[in-house]
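Asker: Here it is, the structure, as C-alpha cells.
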Amino acid sequence: MRKAVFEAVPGLEVCESLFELINDVRFCIKDREGRYIAANPAFVVRTGLQHRAQLLGRSASELFPALLAAGYEQQDEEIFSTGVSVRDRMEMSTLADGRIGWFITQKIAIRSEGKVIALAGISQDLDSPVEKSRDLGPLGQALNAIRSLSSEGLRIAELADEAGLSGSQFTRRVRSLTGLTPRQLLTKARVEAAADSLRESSKPLSEIAVECGFYDQAAFSRQFRQATGLSPSEYRRELLRS
C-alpha cells in the first residue's frame with residue numbers, strides 16, 4: 001500500500017525526507033486501513049521500537065496501549081470519513097504505566113483524484129509549565145494556579161491582571177512557555193484531573209464534572225473526548241479492561 005500511496009502523491013516522498021531530519025516532531029503516514037506506511041525516527045522512538053521496519057504495516061492497536069490506540073483510531077476514522085483536517089489539537093496520551101502525557105497534533109487527509117487515500121500527521125510533546133514557571137514571578141504563579149485547578153472558578157482575565165499583563169500579552173506569554181493558550185491550558189488541567197478521578201474512583205460522571213470545573217456533564221464529555229478520543233465512560237471502561 002505504501003508504494004501505491006507514494007506513487008499517487010509524489011510530494012509525500014519529499015515530506016518524508018524532511019521529517020527524517022527533525023528530532024522533536026513525530027511524523028507518520030497511515031493508509032486507509034490505519035496501517036503505518038511511513039514514520040520518521042522520532043515517531044519510531046515514541047513507539048518504543050528500535051527499527052522502522054518493526055512499525056511499518058502495523059496499526060495503532062498493535063503498537064500502543066489499548067486506551068491510547070482507541071482514541072487515535074477514532075480520530076483517524078473521522079478524518080477518513082469526512083476528509084476534515086485536525087489542527088492544533090491538544091491531546092492527552094495515557095501510557096502503559098498509567099502516566100499522562102500531552103501533545104499537540106496536526107493531521108491532514110491525503111487525497112488522490114478527489115478521494116482520501118491516506119492521512120499524514122505530526123505531533124509535538126508539550127513541556128510541563130511547572131518546570132518552566134519556577135522563576136517567572138506573577139506569571140509563574142498564574143501558570144501554577146491554572147495547573148493546580150480550576151474548580152474554584154478561575155478567570156483568565158483575572159490571572160492576566162494578577163500577572164500585570166493585558167489579556168493579549170498574557171496569552172502570548174503563556175503560549176510561548178507552554179505551547180498552549182491559557183484556555184487550552186485550563187482545559188488540559190481539568191481533563192487531567194478528570195482522568196485521574198476516572199482512574200482512581202467510581203464517582204458518577206456528573207460529580208467528576210463539577211469537581212473538575214466543567215460547566216456541566218455535557219461540556220465535560222465533549223472536552224474530554226476532544227482531548228482523549230474517548231468519552232469519559234468509554235475511558236473508564238477501557239481502564240477496567242487493561
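Asker: Which condition number does residue 123 fail, the rest of (1) buried (at least 17 other Cβ atoms within 10 Å of the Cβ); (2) at pLDDT below 85 being met?
Answerer: (2)
Asker: Determine the pairs where a residue that is over 19 Å from residue 55 (Cα atoms), located within the range 2-16, has a partner that is crowded, with 17+ Cβ neighbours inside 10 Å with Cβ atoms under 6 Å apart, the partner being 6 or more residues away or on another chain.
Answerer: 9/110
Asker: Within the range 32-55, how many residues are in a loop (DSSP other than H, G, I, E, B), surrounded by fewer than 16 Cβ atoms within 10 Å (Cβ to Cβ) and of a type in the set (A, V, I, L, M, F, W, C)?
Answerer: 1
Asker: For the range 206-220, enumerate the residues that are assigned to a helix (DSSP H, G or I) and surrounded by fewer than 19 Cβ atoms within 10 Å (Cβ to Cβ).
Answerer: Scanning the range 206-220 gives 206, 207, 210, 211, 217, 218, 219.
Asker: Exactly one of these conditions fails for residue 186: (1) at pLDDT 85 or above; (2) over 14 Å from the mean Cα position of the chain (by Cα); (3) open to solvent by less than 20 Å² (accessible area, probe 1.4 Å). Give me its number.
Answerer: Going through (1) at pLDDT 85 or above; (2) over 14 Å from the mean Cα position of the chain (by Cα); (3) open to solvent by less than 20 Å² (accessible area, probe 1.4 Å) one by one, residue 186 breaks only (1).
Asker: Identify the single condition in (1) out of contact with any helix residue (DSSP H, G or I) (no Cβ under 6 Å at 6 or more places or on another chain); (2) outside any helix (DSSP H, G or I) that residue 28 does not satisfy, given that it satisfies every other one.
Answerer: That leaves (1) as the condition not met.
Asker: Looking at the range 230-242, I want the residues that are over 17 Å from residue 90 (Cα atoms) and have a partner that is open to solvent by 40 Å² or more (accessible area, probe 1.4 Å) with Cβ atoms under 7 Å, at least 6 apart or on another chain. Which pairs are those?
Answerer: 238/66; 239/199; 241/66; 242/65; 242/66
Asker: So which residues in the range 221-238 are among the aliphatic types (A, V, I, L, M) and over 19 Å from residue 207 (Cα atoms), if there are any at all?
Answerer: Answer for the range 221-238, where residues must be among the aliphatic types (A, V, I, L, M) and over 19 Å from residue 207 (Cα atoms): just 227.
Asker: Does at least one position in the range 150-157 carry a residue that is within 23 Å of residue 214 (Cα to Cα), modelled with pLDDT of 80 or more and touching a Gly at 6+ places or on another chain (Cβ under 9 Å)?
Answerer: Yes, because at least one residue in the range 150-157 is within 23 Å of residue 214 (Cα to Cα), modelled with pLDDT of 80 or more and touching a Gly at 6+ places or on another chain (Cβ under 9 Å).
Asker: May I ask you to list the residues in the range 17-63 that are closer than 26 Å to residue 81 by Cα and without any contact (Cβ under 8 Å) to a residue 12 or more places away in the chain?
Answerer: Once the filter is applied, which keeps residues that are closer than 26 Å to residue 81 by Cα and without any contact (Cβ under 8 Å) to a residue 12 or more places away in the chain, the range 17-63 yields only 62.
Asker: Answer yes or no as to whether residue 81 is of a type in the set (Gly, Ala, Ser), out of contact with any Asp or Glu (no Cβ under 6 Å at 6 or more places or on another chain) and surrounded by 14 or more Cβ atoms within 10 Å (Cβ to Cβ).
Answerer: no
The values are calculated or read from the model by the stated rules, or taken from the named source; none is laboratory data. As the structure is a computational prediction, the values presented were derived from the model and not from experiment. Every residue, glycine as well, gets a Cβ built from its backbone with ideal geometry; the counts of neighbours run over all protein chains shown. Surface accessibility is based on the protein's heavy atoms, side chains included, excluding ligands, DNA and RNA. Shrake-Rupley method; radii C 1.70, N 1.55, O 1.52, S 1.80 Å.
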